[in-house]
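Some notes on the structure that comes next.
The values are calculated or read from the model by the stated rules, or taken from the named source; none is laboratory data. Model, not experiment: these values are computed from the prediction. Every residue, glycine among them, receives a Cβ derived from its backbone with ideal geometry; neighbour counts consider all protein chains shown. Accessible surface is based on the protein model in full, side chains and every heavy atom, while ligands, DNA and RNA are left aside. Shrake-Rupley method; radii C 1.70, N 1.55, O 1.52, S 1.80 Å.
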Amino acid sequence: MQNEMTMEEIYPLLLEVVESGGEFRLYPRGTSMLPMLREGIDSVLLAKPLTLSPLDICLYRRENGQFVLHRLMHFDEAGDPVFCGDNQLAPEYGIKREQIIAKVTSYYRGDEHVLTDSPKYLSYLRRHCNLRYRKLYFLPRRIKGRIKRILSKQR
């Protein structure tokens, strides 16, 4: 029997482990980081974010208290990070550095341990985080959305 805990319950322990220099293994939920992370199958190792670079995956807490694991796309003009899930189109602005709790140092693809500097991961970044690829990858979803909007206006 698998015990599930909420992020609110895990947060104090996660913070203690990360702040002491350790790594915390987390099984993320949701679909925003597909195809890289699959709910219930894959997990990530989180550590204290000593440095932040574009394409890092970070765990942060929104103003409303929600915990989010998304990729750092770039920094805006004010120097604040801009995040987006791999399976999302819209970037998220307004997150401050103080809201970032940890960043992913490696992940488990099923039972396979993948380091964020491994050729497999770097290949994924080159392919999936490329702007042209993302536009093509999301093209069917964008077309479907436009068709739905047109049809709803005709009713």
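Summary table below
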item	result
Pairwise centroid distance, computed over Cα atoms, of the range 78-97 with the range 111-126, Å	22
Backbone HN-Hα couplings from phi across the range 94-102 [Karplus 6.51/-1.76/1.60, Hz, Gly and Pro as x]	x, 8, 8, 4, 5, 7, 7, 8, 7
For ASP42, residues with placed amide H under 5 Å, excluding near neighbours	GLY110
For the range 13-23, Karplus couplings with θ = phi - 60° (6.51, -1.76, 1.60), whole Hz, Gly/Pro x	5, 4, 4, 5, 5, 5, 5, 8, x, x, 10
Full-extension gain in nm, GLU9 to PHE75, via 0.36 nm per residue minus C-alpha separation	20.7 nm
Förster-model FRET efficiency, 30 Å R0, ARG126 and ARG62, C-beta, rounded to 0.05	0.55
Extension gain from LEU50 to ARG97, taking 0.36 nm per residue of separation minus the Cα-Cα distance	15.8 nm
Area accessible to solvent at LYS144, 1.4 Å probe radius, in Å²	120
Helical mean residue ellipticity (222 nm; -39500 (n - 2.57) per DSSP H run of 4+; nearest 500) of the chain	-9000 deg cm²/dmol
Proximal lysines to LYS103, defined as alpha-carbon separation beneath 28 angstrom and excluding residues fewer than eight positions away on the same chain	LYS48, LYS120, LYS135
Between helix 119-128 and the chain: long-axis angle, C-alpha atoms, 0 to 90°, nearest 10	30
